[in-house]
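Below you'll find the structure, written out as structure tokens, and then a few comments.
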Amino acid sequence: MRKTIWLRFVLGLTLITGSLTLRAATTLADAEKEVDAAGKTLDNFVADPEMGWFRDHAKEAKGLIICSQIVRAGFIIGGSGGRCVFVAKEDKAWTGPAFYTMATGSVGFQAGVESSEVMGLAMTQKAVDSLMSKAFKLGGDATIAVGPVGAGTGATPGADFIFYNRSKGVYGGVNLSGSSVKPSDSYNKAYYGHSVSPITIIVKGKAHNKTADAALMSKVRKLYGEK
């Protein structure tokens, strides 16, 4: 009896994961939607009156990782997560965006929080290098800190990444420690028209999509006090 139940469970799980694999391929429109959403998320953080420290210190970061929506459950079986984009300044020029997935622990959300916008400052070269790898864990392979909010926020936290997240005005909606981050090959390919790695996009700056400027990159340059 137990064996039969177990076999049914395995078969059901196989069908579920198989259906995810067989879903429609990622399109250019899908990728452009993520970039647009990232630009709107950046707008939200810049306009937030509690984000004074973020606005004042963002230009100290080597790059920004922006996740327009980290959702509780449903993204990966047994967990939660969402998609993110990363932009960086290499040799005085902005490069990106490169696409990623972030999978969080299923207990990472505060009670009552279903989704969060996430903004991460890549403060060190180690932070940037970790995003060039095939996968890494926040808080394990790279250190993380929660970004200060409100008045009297004090000194810069000493960490590779400084993260902010907000959920309908609630700060600290999701605990990102232990989250797995890895490049989204399908989104990078859809956006740039061919298979391309984060190293090619970010470090070498050899992948371009002209729609990125109005949707995101011009907003990043403005945040950094550039034209």
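Every read-out reported here was derived from the displayed coordinates using simple, explicitly stated rules and does not represent laboratory data. Only a predicted model underlies this, so the values are computations on that prediction, with no experimental measurement involved. Positions of Cβ are generated from backbone atoms using ideal geometry, with glycine treated the same way; all protein chains shown enter the neighbour counts.
Relative to the present Cα-Cα distance, how much length would full extension add between Thr156 and Ile199 at 0.36 nm per residue of separation?
Computed gain between Thr156 and Ile199 is 12.7 nm.
Extending each Cα 7 Å along its Cβ direction at Asp91 and Lys126, get the distance between those two points in nm, one decimal.
With each label point 7 Å from Cα toward Cβ, the separation is 2.7 nm.
State the answer as a single residue: which of Phe54, Ser115, Ala31 lies farthest towards the positive end of the charge dipole of the stretch 26-223, with beta carbon charges of +1 for Lys and Arg and -1 for Asp and Glu, about the Cα centre.
Checked the options; the winner is Ala31.
Please give the net charge around Phe136, taking every other residue with its beta carbon less than 15 angstrom from that of Phe136, where Lys and Arg add +1 and Asp and Glu add -1.
Here the count lands on +1.
At what distance in nm do the modelled label points of Ala25 and Ser218 sit from each other, each positioned 7 Å from its Cα along Cα→Cβ?
3.2 nm
Taking a threshold of 28 Å on the Cα-Cα distance, which of the pairs Lys62/Lys210; Lys134/Lys222; Lys33/Lys227; Lys33/Lys204 fall above it?
From the list (Lys62/Lys210; Lys134/Lys222; Lys33/Lys227; Lys33/Lys204), the Cα-Cα distance tops 28 Å for Lys134/Lys222.
Sort Arg72, Arg83 so that the residue with the fewest other Cβ atoms within 10 Å of its own Cβ comes first and the one with the most comes last.
With the fewest neighbours first, Arg72, Arg83 line up as Arg72, Arg83.
May I ask you to list the aspartates and glutamates whose Cα is less than 15 Å away from that of Lys40, ignoring any residue fewer than eight positions away on the same chain?
Result set, ordered by chain and number: Glu32, Asp48, Glu117, Asp213.
Straight-line reach only, C-alpha to C-alpha below 18 angstrom: list the lysines that Lys137 could link to, leaving out same-chain residues fewer than 8 apart.
Leaving aside lysines fewer than 8 places away in the same chain, those within reach of Lys137 are Lys126, Lys182.
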